[in-house]
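> Before I ask anything, let me first share the structure, which is written out below as structure tokens.
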């Protein structure tokens, strides 16, 4: 694949990741759809698109997914939706991304990877940014919603770590998405009396599942083999910033000084840990 094509695929994948935050926040703050309905429609739409993609793909490599990964994917999706009822787009994206990276960094440490002084400082800065963002104050996001978004990030980190073990990434992702559908439907039945569907919100959910999740993941997994590990880790630092800018432009959300400082600490700290690790 040409370098230009890899760059285009990577750009659109990162825009899709940021788009998930924008679509979810727009649906849950500007329509009447509830988080459970949004999650169910999103997962069903993503499963359909990914299933269609692997149906037309002649790749013979194995990959089916599994129920444990599907459960982690579902926890990510439902916690993501519920937390965005109360969080701004920028704060949610920052907490999600920070938790994902913290989870994966902690896993590496548990597996025996040890930090240099610069890495340790970076990890401390990132943790301080997360704590500072959640400390009480006029511009602080709700603590409960913030912790729930961090749980979503940890679940996505677990899902990503489990997905490292072989097979075709697109097929594995499709298999996991398909397995989330019955879980989402069971939850919807249990919460049936509290469901609130909205046509506009449903359209946002379909776009989130089919476009920014299904096609976004497909583009990312297509480009990923052609990216250096350090490049792949670094470009993802742009996702919370893109989501924040999109929220200001399209959802008229403010970008507070607290959020700016937390972003610098979290993203800068993660970059320090990641890039130093790659250099070693």
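> So how far, in whole Å, is the C-alpha centre of segment 79-98 from the one of segment 171-214?
Between the Cα centres of segment 79-98 and segment 171-214 lies a distance of 18 Å.
> Follow-up question, since we're still on this one. Which order do peptides 117-128, 150-161, 250-261 fall in by mean Cβ count within 10 Å, highest first?
Ranked from most to least packed, the peptides come out as 150-161, 117-128, 250-261.
> Further question: What 222 nm value per residue comes from the helices of the chain, counting each DSSP H run with n ≥ 4 as -39,500 (n - 2.57) and dividing by all residues, nearest 500 deg cm²/dmol?
About -25000 deg cm²/dmol.
> A further question follows. How large is the translational diffusion coefficient of segment 77-221 in µm² per second when you combine the Kirkwood radius over alpha carbon pairs with Stokes-Einstein at 4 °C and 1.567 mPa s?
75 µm²/s
> For residue 7 and residue 161 in one chain, what is 0.36 nm times their gap in residues minus the Cα-Cα distance, to one decimal in nm?
53.0 nm
> Relative contact order for the chain: what percent, with Cα pairs under 8 Å and sequence separation of 6 or more?
With pairs under 8 Å counted, the relative contact order is 43 percent.
> I would also like to ask the following. Ordered by packing density, taken as the mean number of other Cβ atoms within 10 Å over each peptide's residues, highest first, how do 29-39, 205-215 rank?
Details: 29-39: 21.0, 205-215: 23.4.
Per-residue Cβ counts within 10 Å, averaged per peptide and sorted highest first, yield 205-215, 29-39.
> Now for a different question. Provide the FRET efficiency to the nearest 0.05 for the residue 252-residue 128 pair, computing r from the beta carbons and using R0 = 35 Å.
0.75
> Residues in segment 95-135, backbone N under 18 Å from the label point at residue 187 (7 Å along the Cα-to-beta-carbon vector): list them, ranges by number please.
Correct set: 96-97, 100.
> Whole-Å semi-axes of the chain's equivalent ellipsoid, largest first, each the root of 5 times a Cα gyration tensor eigenvalue?
The answer is 27, 25, 17 Å, longest axis first.
Here, each number is a calculation from the coordinates, and none is a lab measurement. Computed from a prediction, not measured in an experiment: that's the story for all the values here. Methodologically, a virtual Cβ is constructed for each residue, glycine included, from the backbone with ideal geometry; neighbour enumeration extends over all protein chains shown.
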